[in-house]
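*Asks:* One structure, pasted below without further comment.
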Amino acid sequence: MTRKDFQLIAETIDELLDDGVLSPHEALLVTSRFKMRLAETNPRFDHKRFYDAATKSLPRVENNFAKSSG
């Protein structure tokens, strides 16, 4: 699989999360499972990049902290 394929999958997970089809918990489980399986298809698979793309609609604790302390 290629980066383009990984991006499509990550964007789809994030859209399902953003649309409310997946709960945050479900999105994390799906993302984790895909990360494990996709890494098997490509030795250059970037776990962090995939996670960030698949969960960009999740509220980030670090962003909330930065806003409250800034």
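The values are calculated or read from the model by the stated rules, or taken from the named source; none is laboratory data. In this text the structure is predicted, and so the values were computed from the model without any measurement. As a convention, Cβ positions derive from the backbone with ideal geometry for all residues, glycine included, and neighbour counts pool all protein chains shown. With ligands, DNA and RNA removed, areas are computed over all heavy atoms of the protein, side chains included. Shrake-Rupley method; radii C 1.70, N 1.55, O 1.52, S 1.80 Å.
*Asks:* Name the residue that is modelled with the lowest pLDDT, counting only residues in the range 38-69 that are open to solvent by 100 Å² or more (accessible area, probe 1.4 Å) and over 14 Å from the mean Cα position of the chain (by Cα).
*Replies:* In this case the residue turns out to be Phe65.
*Asks:* Moving to a separate point now. Output the residues belonging to the range 1-31 that are of a type in the set (Ser, Thr, Tyr) and surrounded by 13 or more Cβ atoms within 10 Å (Cβ to Cβ).
*Replies:* Going through the range 1-31, the residues of a type in the set (Ser, Thr, Tyr) turn out to be 2, 12, 23, 31.
Thr12, Thr31 - these are the residues of the range 1-31 that are of a type in the set (Ser, Thr, Tyr) and surrounded by 13 or more Cβ atoms within 10 Å (Cβ to Cβ).
*Asks:* So, one more: Residues of the range 12-41 being farther than 15 Å from Lys56 by Cβ and in a loop (DSSP other than H, G, I, E, B), which ones?
*Replies:* Selection gives Gly20, Val21, Ser23, Glu40, Thr41.
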